[in-house]
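What follows is a single structure, written as structure tokens, with notes after it.
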Amino acid sequence: MAKKLFNIAWEEFSALPLVEKTPYLMQPDGSPYHTLFAQQFDSVLLDKLAALANEIRAIAKTRIGAEYLRQQVTHKRAMLYFSQPSSRTFLSFVSAGQILGVPVGEVRDTSISSEFKGESREDSVRTFSSYFDLIIMRTPEKGLAEHMAWVISNSDRPIPIINAGSGKDQHPTQALLDIYTLLRSFDRGGGLHDKTVVFCGDLLRGRTVRSLSYLLTNYPRIRQIFVAPDPLQIDTDVLDILREKGVEFVQTDNFRSVIPEADAVYMTRMQDEWDNYKNESAAIDTSHFKFGLEELALLPPRAIIMHPLPRRDEIAVAIDDDPRAMYWRQMRNGMWIRTALIAMTFGCERRIHDYYCHNN
Ligand code: CP
């Protein structure tokens, strides 16, 4: 198990480019130990995770298979530390734990934990590590999961940390389920390459878009189109990475003009929880950045519509029954890929794979 993060001072570690941080976060076999950002996953690891998720969901179809899975990680406990609202990420991680037999605890409201009494985040996380073997955390602060991974790796009870959403910056496990959804959707269409992905909405403050944009750079010739009103366009740091990797991208505010080119349209809601002042977002005209029946008519027959959810009005309910609407399946995919991630974090993927091979 890699706990190399204790070999480096925080100032030195935090200053490293992300790609140089990766070796500090991985296990010797290449599996993730801490899951902190999308850039630590390459296509080999993504394919392994997706294959494991497929095996887990196949095994879970039978009662005997589900019982087998439930015996895999009964000796570990997981802590869900969510100081920001969540439905899908929280519940899919709870379900993932249940699938593998991992008991879970939670702190969702720091006003009723000892943080209310002035306990520092560092002490809180060290407290959790006294009782649990994995911390899954969502926080409004960028980089906090990374800092806590360093803190806990330097304690007497180092345990893995999974970032379940950090500030406006990263949502790596959402990107894993998005890639898993794309891989499954394009499995029969030749695979995830030579595709055009259209991102639409609040791209500036949507951490899911940032993490997915990074992960897509692992696949050949994926063109990325960013559609947003000017004040909400994708940040330059993402574009710098795309340029560095030679990825073709386009920025536009004309949504309908690019829908016919899409293999996948990835819608996002207005992220107004990040507004700096009242009504900042409400002043932006987003009426041309919604997906309804007229946009559906422009979408190629084999393309898919994705959304990390929750949605507001950016996808009309009227298109939910269209076979190209993938967002409900995408959400459920989150449970399977997070189960695969926990299984890999605790090193039981080989047992699951062997069981799958013997029984399928
Ligand atoms: N997609 C997503 O992160 O949803 P939740 O905020 O409900 O977890």
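Readers should treat all values here as calculations from the given coordinates under stated rules, not as data from a laboratory. Fair warning: this is a prediction, and the values are worked out from it, not measured in the lab. Positions of Cβ are generated from backbone atoms using ideal geometry, with glycine treated the same way; all protein chains shown enter the neighbour counts.
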- Task: Enter the Cα centre distance for the pair region 224-242 and region 153-223, rounded to the nearest angstrom.
- Result: 15 Å
- Item | Ranked by how many other beta carbons lie within 10 Å on average, peptides 347-356, 38-47, 331-340 from highest | 331-340, 38-47, 347-356
- Item | the chain: angle of helix 121-131 to the longest principal axis, Cα-based, in degrees nearest 10 | 60 degrees
- Set of lysines near residue 117 by C-alpha distance (under 26 Å), chain-local residues within fewer than 8 positions excluded: 142
- How do 184, 243, 210 line up, fewest other C-beta atoms within 10 Å first? 243, 184, 210
- Item | For the chain, alpha-carbon Rg relative to the globular expectation (2.2 N^0.38 Å, N residues) | 0.98
- Difference of contour (0.36 nm per residue) and Cα-Cα distance, residue 19 to residue 188: 57.7 nm
- Message: From the alpha carbon gyration tensor of region 246-360, can you work out the equivalent ellipsoid semi-axes (sqrt of 5 times each eigenvalue) and give them in Å, largest to smallest?
- Response: 34, 20, 15
- Query: With each pseudo-label sitting 7 Å past Cα toward Cβ, what's the residue 141-residue 47 distance in nm, one decimal?
  - Reply: 3.9 nm
- Which pairs in the list 61/195; 4/76; 48/245; 195/290; 168/278 are over 29 Å apart, alpha-carbon to alpha-carbon? 61/195
- Prolate/oblate/rounded label for region 1-113 (Cα gyration tensor, a/c 1.5): oblate
- Query: In region 224-249, which residues have a backbone nitrogen under 19 Å from the label point lying 7 Å from residue 280's Cα in the Cα-to-Cβ direction?
  - Reply: 228-238
- Looking at the P(r) of region 106-203, how many percent of alpha-carbon pairs lie beyond 18 Å? 58 percent
- Quickly work out the residue 154-to-residue 294 label distance, labels modelled 7 Å from Cα along the C-beta direction, and quote it in nm with one decimal. 5.6 nm
- Message: Let me test this: with uniform point scatterers at the alpha carbons of region 281-343, what is the Debye-based log₁₀ I(q)/I(0) at q = 0.15, 0.16, 0.22, 0.26 1/Å?
- Response: -0.57, -0.63, -0.94, -1.13
- Item | Per-pair calculated FRET efficiency, R0 = 51 Å: residue 221 and residue 358 via Cβ, rounded to 0.05 | 0.85
- Please give the per residue volume of the convex hull enclosing the alpha carbon atoms of region 140-298, rounded to a whole number of Å³. 132 Å³
